[in-house]
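The values are calculated or read from the model by the stated rules, or taken from the named source; none is laboratory data. Here the structure is a predicted model, which is why all the values come from computation and not from measurement. Please note: Cβ atoms are built from the backbone with ideal geometry, for glycine as well, and neighbour counts cover all protein chains shown.
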Amino acid sequence: MKISKGDYVKIKGQKEFIKVNSIYINTRELGCPQILELENNYKIRLSCYDVNPNDLITEIKKGK
């Protein structure tokens with residue numbers, strides 16, 4: 001699963017795609033997980049510590 005800034009993701013249980021605003025690394029957290037910040041201010045940790053992102057993100061649509 002490769003996600004870039006400007007792509008659109010569909011979250012499990014939602015009908016619409018949400019735009020990815022930014023992707024950054026949180027150096028203050030253990031293991032420095034990547035954070036995916038969406039247009040609706042929702043944040044997804046791209047690690048398997050809590051929730052596997054592959055189970056949360058159901059579809060990716062590449063941005064222009």
### Selection within the range 4-22 - under 15 Å from residue 56 (Cβ atoms) and touching a Ser or Thr at 6+ places or on another chain (Cβ under 9 Å)
9, 10, 11, 12, 13, 14, 20
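Regarding the range 19-37, can at least one residue be identified that is touching a Gly at 6+ places or on another chain (Cβ under 8 Å), surrounded by 11 or more Cβ atoms within 10 Å (Cβ to Cβ), outside any loop (DSSP other than H, G, I, E, B) and modelled with pLDDT of 80 or more?
Within the range 19-37, one or more residues are touching a Gly at 6+ places or on another chain (Cβ under 8 Å), surrounded by 11 or more Cβ atoms within 10 Å (Cβ to Cβ), outside any loop (DSSP other than H, G, I, E, B) and modelled with pLDDT of 80 or more.
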